[in-house]
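Before I ask anything, let me first share the structure, which is written out below as structure tokens.
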């Protein structure tokens, strides 16, 4: 495999939570894969049968506006007449398979690794919550304050969940 190695940290900042799915936008995938957004969209349309709804969806106007409002680096999307595509982990891999660029394959490896890392972090938090619950049942109320404090630290923030990044 040839092409530059894309740092996972760069990819982490390009994963968003839209419609309850962790996705990457087509324009950012195109950048990572070393092609234009136009080229990526052409290849997706030519191979549309490879992109079922659980691999890819098109943002609504409201979703596009929200993404642009929340992510300064996506301001250029505001003026695009087209609604962007959002790709799930499997869709991002499929994009690499339909593109003919030298960096698509190595980039897709790091994209997969990033999604895996995110999934492991979410699983780890769920396991921690279960362990905390079991400990709370095991010990009496004298530790209630400690358990409540830990739960507050684990609780998601009240900020809108429109973007996932690390």
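Laboratory data are not the source of any read-out in this text; all were calculated from the coordinates shown. Computed from a predicted model, the values in this text were never measured in an experiment. Ideal geometry is used to build each Cβ from the backbone, glycine not excepted, and the neighbour counts take in all protein chains shown.
How much of the calculated P(r) for segment 8-121 lies past 17 Å, in percent of all Cα pairs?
51 percent
Additional query: Provide 50, 119 in ascending order of the number of other Cβ atoms located within 10 Å of each residue's Cβ, fewest first.
Listing 50, 119 from fewest to most nearby Cβ atoms yields 119, 50.
By how many nm would the segment from residue 127 to residue 50 lengthen if fully extended, with 0.36 nm per residue of separation less the alpha-carbon distance?
So the chain would gain 24.3 nm between residue 127 and residue 50.
Still on this structure, I have one more. May I ask you to sort 97, 108 by Cβ crowding, counting other Cβ atoms within 10 Å and putting the fewest first?
Placing the least packed residue first, the sequence is 97, 108.
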